[in-house]
Amino acid sequence: MKIAFIDIQNFRKLKSCRVEFSENKTLFVGANNSGKTSAMDALIIFLKRTRQKDISTTDFTLSNWNNINKIATDWIDNKNHDDLNLAPGQWSKYIPAIDIWVDVKGSKIHYVSHIIPTLDWIGGKLGIRLKFEPKQIEDLYKSYKSAYEAAKNTSEARKNGNHLSLWPQTMRDFLDKELHRHFTINAYILDPSKCTDAVPQELPENSEPLASYPFNGLFKIDIINAQRGFSDPNSAEDGSRSDRRLSAQLRTYFEKHLNPSELPDINDLDALDAIETARTAFDKRLKESFKASISELEGLNYPGFSDPKIQISSKVNPLEGLNHDAAVQFNIMRDDTKPGDIALCLPEKYNGLGYQNLISMIFSLIRFRDEWMRIGKAGKRTEFSDDYIEPLHIVLIEEPEAHLHAQVQQVFIKKAYDVLRNHHDLGENKQFSTQLVISTHSSHIAHEIDFKSLRYFKRMPAKCAKSAPYAEVVNLSSTFGDGSDTAKFATRYLKTTHCDLFFADAAILVEGPAERMLVPHFIKNKFPELDRNYISLLEIGGSHAHRLKPLIENLGLLTLVITDLDSIGKDSTCKVLPERGKEYRTGNDTIRSWVPLLTGLDEALDANADDKVRDSLVRAAYQYEIELKYNGEDVTAIPYTFEDALTLSNINIFKDKAAATGLIKKMADAVNKPTISEACKDLYGALGKNSKKAEMALELLYTTDPNQLEPPHYIAEGLSWMQDALRHRRQDYLILADGGEAN
Amino acid sequence: MTIDYNVALSPVDEEIYRCLDLDNPKSFFLFAGAGSGKTRSLVEVLKRFRHENITRLRKNGQKVAIITYTNAACDEIKNRLEYDSAFHVSTIHRFTWELINPYTNDIRRWLTTNLEEEIADLREKQSKSRNTATKTYIDRERKIELKDRRLRILPDINHLNP
């Protein structure tokens, strides 16, 4: 049994979105504010029953409040009660709900007999909708109406004309206070035949909620949330928040699974015996120590007490033994320490935060697993009760990367699932399934996990006025089709480069190392607005950039591809110095097969700014004619690659570099030639196969303040397009006119 | 519990116990006179069965169903099994009702077709009888009316009871 997918509706930014679950691990990735945490919270609030009270009015999708308030206004305006609409149906479009679809085999029917829709069901998908809805619409109506009218009458009674807003002004206002009095989570059985529909199905009228929470005994759900509350030795914070420390966790574990005084068995007797002996000895000692003082008290002979004898008896609780700061210590001596040496140990909280975090998380996972499998005393306790082992264990981890450096993150994500399955009844055994869901901001974690497990949360602009921006979830398993070379390439590439595409606002794909080093400086110095965005820079080369096309389009990520013209001969694939009118072609795959989809060199040079943009999402930037002053004359030149374009754009800087070495010297020599065509020829020659372009960029950074470098015109145009596009997008992400505050 | 599982079952009980093998289950029929200890045998064997198999049952989310003829027998067995949750003791009617009870829609669908068939059947009989004044005819007419009414109110019923 496992969760196939969930449909979240009207929960914060997630107006309607489907999240498919992988069999083992599912990873939520996406830029900030894209809805990852909302999806986690929706799962937690709806599935973890103790957290159901945490839902609040701010969890409703903001843009829905207009409509909800409208329902209430209609109630109030309805004077003659003729067509008072108290149908629950009108609410269902606006209230938070989550559809859980589980895959169940026919042989497991005894687990789900209470939620199968009809006896004809033979196995497959089963759906349950959990809806946060009014308990009794009539009650809500009555309470709201009386509260609203009371407020209205009071404020009207005040004659001095000052308008005073009394609670409640709107339904939202009312529910801010009264939400849990009037709302509750109800469960409904869904029709499995409609599970493939694009939009969540509508429930038939008069559908009855299930009498009890349907997932008892089906799921065990555990959460490690982002606020783990580790204590620094110096931090003032203490108490409840610090209970994630190992000692606290060990205590809980001990209490649940090991405590010898509870349901003792043969092995516990020695321990109990020792505790008892210690107690007796301690009591005896106490009695002796207090003998004098107590006999003094006894001598008081207070009237009315027949025999005032005072007994002192201690209690030794094995649990209390773990209840102190130094319960867990870390031995910092080397392993080969001779016995008899004094052990040097430090209490747990002096350990590094990263290590504490890792230990805490892994131990939590161990604890969750052992609770689920009813290890030790937990098993004994339930042996006589009604509860059996749930077939599905869901573990949600929010941002495990906190305080962990990159390598540890990778270790964690590789091990986490194995830890959850490390039990003789689990492992490869299909009888019990574990599904691990992780939300993360870490590219290191994202790259350790198979592409198929990634779910990318995409921010979407508001569709129309008064509606809020929303989020969509992209399942990356289908991006590249199945097992094609492109998929393999993209996966390998993304893994090795550790790029952060999944968390970026926009991406720039560049041709080579020189661009990679210099483009960030161009952005920083010339496009300060762009610099404030989170931009991922990928060095991938024009011949492979187009392979990322499916990914970029799926992610909907604003992308600038800075590439090279790569002019080649009419019939051959030999590189040539770019010239017009010679039927030259371009050898660049991005230009030819992605954007702007041109093969001829002349057409590529003629392409205007609009031609180079595709679907307002991807723009290509490559060299074309550059106009410059050369030795006092206005000339044009067609650069062949980034380095010569850079040289031509900064002729004066390069002219002074004649004393440099390597490629820079060659460039300087070239631009000191008397005519532009000679210069271009020499530049082209210098940038032959064996030129050390990366070294040139390093040398340039070393000798020249990047502030002074002028970006080549094609790059400047590309970057300014991106700056405009991002500004535009940011506008779109805000709610248009009077739709409420931003989410 | 204070049962000593090492005490051997009687040979008959032992034989019964061997039938209750989860990997190789066999049916058996036990008959004997009143008061000869049929229920006692059953209870002894079940206790032993629980002791040996409880972990496996719990892992698979399974229980042992015990079906009796009467509520009295049901209570008796529950009592003797110390109200253990691994056993589901019920009468045949209760057992089957619990199986179908959540499927209101299925029950409604069956009731609808069944009522329609019965009505059609009665109508056909009515059409054949020449005398409309006989008691049979009037009875049938009343039956049709009743069934018709049940059919009409069926869609509005949300909870069906046996």
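Within the range B:67-111, the set of residues being closer than 27 Å to A:P117 by Cα and among the aromatic types (F, W, Y) comprises B:F87, B:F95, B:W97, B:Y103, B:W110. Taking (1) away from chain A (no Cβ under 14 Å); (2) in a strand (DSSP E or B) in turn, B:A65 satisfies each apart from (1). Whenever a residue of the range A:292-311 is surrounded by 10 or more Cβ atoms within 10 Å (Cβ to Cβ), its partners that are among the hydroxyl-bearing types (S, T, Y) and modelled with pLDDT under 70, lying with C-beta atoms within less than 8 angstrom and at least six residues away or across chains, give the pairs A:P308/A:Y302. Would it be correct to say that A:W91 is in contact with a strand residue (DSSP E or B) (Cβ under 8 Å, 6 or more places away or on another chain), more than 14 Å from chain B (Cβ to nearest Cβ) and either in a helix (DSSP H, G or I) or among the polar types (S, T, N, Q) (or both)? Yes, satisfied. Mind listing whichever residues of the range A:409-435 are more than 14 Å from chain B (Cβ to nearest Cβ) and touching a His at 6+ places or on another chain (Cβ under 9 Å)? Answer for the range A:409-435, where residues must be more than 14 Å from chain B (Cβ to nearest Cβ) and touching a His at 6+ places or on another chain (Cβ under 9 Å): A:Q409, A:Q410, A:I413, A:L420, A:T434, A:Q435. Here B:I92, B:I100 are screened, and the one residue that is out of contact with any His (no Cβ under 7 Å at 6 or more places or on another chain), under 30 Å from A:K430 (Cβ atoms) and either of a type outside the set (D, E) or not assigned by TED's automatic domain parsing to the domain that holds B:L22 (or both) is B:I100. Do you know which of the residues in the range A:116-125 that are of a type in the set (A, V, I, L, M) and within 13 Å of another protein chain (Cβ to nearest Cβ) is nearest to A:S193 (Cα to Cα)? Once the filter is applied, the top-ranked residue is A:I116. For the range B:123-162, filtered to residues that are among the aliphatic types (A, V, I, L, M) and over 28 Å from B:W97 (Cα atoms), the residue that is surrounded by the fewest Cβ atoms within 10 Å (Cβ to Cβ) is B:A133. Applying the set (1) in contact (Cβ under 8 Å) with a residue 24 or more places away in the chain; (2) within 14 Å of chain B (Cβ to nearest Cβ) to A:D222 leaves exactly one unmet item: (2).
Quick check on A:I552: is it surrounded by 22 or more Cβ atoms within 10 Å (Cβ to Cβ) and β-branched (V, I, T)? Break it down stepwise before answering.
Numbers: surrounded by 22 or more Cβ atoms within 10 Å (Cβ to Cβ): no; β-branched (V, I, T): yes.
Considered against the rule, which asks whether it is surrounded by 22 or more Cβ atoms within 10 Å (Cβ to Cβ) and β-branched (V, I, T), A:I552 comes out as no.
Out of curiosity, is A:P192 over 30 Å from A:I122 (Cα atoms) and in contact with a Lys or Arg (Cβ under 8 Å, 6 or more places away or on another chain)? Spelling it out, it is not the case that A:P192 is over 30 Å from A:I122 (Cα atoms) and in contact with a Lys or Arg (Cβ under 8 Å, 6 or more places away or on another chain).
Tell me, yes or no, whether the range A:588-603 has at least one residue that is of a type in the set (D, E, K, R), exposed (fewer than 14 other Cβ atoms within 10 Å of the Cβ) and out of contact with any Ser or Thr (no Cβ under 7 Å at 6 or more places or on another chain).
Initial filter on the range A:588-603 (of a type in the set (D, E, K, R)): A:589, A:592, A:602-603.
Retained after the next criterion (residues that are exposed (fewer than 14 other Cβ atoms within 10 Å of the Cβ)): none.
There is no residue in the range A:588-603 that is of a type in the set (D, E, K, R), exposed (fewer than 14 other Cβ atoms within 10 Å of the Cβ) and out of contact with any Ser or Thr (no Cβ under 7 Å at 6 or more places or on another chain).
Restricting attention to the range A:629-675, the residues being more than 12 Å from A:L700 (Cα to Cα) and either among the basic types (K, R) or crowded, with 22+ Cβ neighbours inside 10 Å (or both) number 12.
From the list B:D148, B:D156, the lone residue that is more than 29 Å from A:I109 (Cβ to Cβ) and within 14 Å of chain A (Cβ to nearest Cβ) is B:D156.
Checked against (1) surrounded by 15 or more Cβ atoms within 10 Å (Cβ to Cβ); (2) within 14 Å of chain B (Cβ to nearest Cβ); (3) outside any loop (DSSP other than H, G, I, E, B); (4) of a type outside the set (V, I, T), A:K380 passes all but condition (1). Screening the range A:101-115 for residues that are among the hydrophobic types (A, V, I, L, M, F, W, C) and within 19 Å of A:L47 (Cα to Cα) and picking the one that is nearest to the other protein chains (Cβ to nearest Cβ) gives A:I115.
Within the range A:560-596, the set of residues being under 21 Å from A:A679 (Cα atoms), part of a strand (DSSP E or B) and of a type outside the set (K, R) comprises A:S567, A:I568.
Note on the range A:399-414: among residues that are surrounded by 15 or more Cβ atoms within 10 Å (Cβ to Cβ) and part of a helix (DSSP H, G or I), the one that is farthest from the chain's Cα centre (by Cα) is A:V408.
Take the residues in the range B:87-107 that are part of a loop (DSSP other than H, G, I, E, B) and within 9 Å of chain A (Cβ to nearest Cβ), then tell me which one is modelled with the highest pLDDT. Top of the filtered list is B:Y103. The set of residues in the range A:422-458 being touching a helix residue (DSSP H, G or I) at 6+ places or on another chain (Cβ under 8 Å), of a type in the set (D, E, K, R) and farther than 17 Å from A:S477 by Cβ consists of A:D425 alone. Among the residues of the range B:36-51, those that are within 14 Å of another protein chain (Cβ to nearest Cβ) and either farther than 30 Å from A:F432 by Cβ or surrounded by 15 or more Cβ atoms within 10 Å (Cβ to Cβ) (or both) comprise B:K47, B:R50.
The range A:597-684 holds helices (runs of 4 or more DSSP H) entirely within its bounds, and those carrying 3 or more residues that are free of Cβ contacts under 8 Å to residues at least 60 places away in the same chain and in contact with an Asp or Glu (Cβ under 9 Å, 6 or more places away or on another chain) map to A:601-606, A:662-671.
The values are calculated or read from the model by the stated rules, or taken from the named source; none is laboratory data. This one's a predicted model, so the numbers in the text were calculated from it and none came from an experiment. Don't worry about glycine lacking a Cβ; one is built from the backbone with ideal geometry, like all the others, and counts go over all protein chains shown.
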